[in-house]
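We did not get these values from a lab; they are worked out from the coordinates using the rules stated. Please read these numbers as outputs of a predicted model, since none were measured by experiment. Please note: Cβ atoms are built from the backbone with ideal geometry, for glycine as well, and neighbour counts cover all protein chains shown.
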Amino acid sequence: QVQVVESGGGLVQPGGSLRLSCAASESIFIGNNMAWYRQAPGKQRERVAFITYIGSTNYADSVKGRFFISRDNAKKTADLQMNSLKPEDTAVYYCNTYPSRENYWGQGTQVTVSS
């Protein structure tokens, strides 16, 4: 079964940290770039970070220096470590390949940054 499952979201105070995890089926993960995306209320979905199969990374300017993406090819997981969180990071976070594929979108995980 082709699927992506995101986890690790929650409510955190400004300045706090969260670690998101993405578990993907083999057909999605193997050989593909993986990325984290987010969609805030009333806004378009945006790419936050991606990591190539061999580990090169790229970040949106808004999260550079605060978020860090990693992957474990053996476990078929891709994590997003989020530090120094800001209220504007509040969104539903999704994992997908990069470029994304429509049928790979999962349910996402909600991240809320609020005091």
| field | Filter result for D61 (of a type in the set (D, E, K, R) and touching a strand residue (DSSP E or B) at 6+ places or on another chain (Cβ under 9 Å)) | value | no
| said: So, in the stretch 82-104, exactly how many residues are surrounded by fewer than 15 Cβ atoms within 10 Å (Cβ to Cβ) and not charged (D, E, K, R)? | reply: 5
| Among the numbered criteria (1) in a loop (DSSP other than H, G, I, E, B); (2) within 17 Å of G31 (Cβ to Cβ), which single criterion is violated by A78? | (1)
| query | Of everything in the stretch 1-58 that's among the basic types (K, R) and under 15 Å from L80 (Cα atoms), which residue is surrounded by the fewest Cβ atoms within 10 Å (Cβ to Cβ)? | reply | R19
| Tell me, which residue of the stretch 47-75 that is assigned to a loop (DSSP other than H, G, I, E, B), within 14 Å of the chain's Cα centre (by Cα) and charged (D, E, K, R) is nearest to S21 (Cα to Cα)? | R66
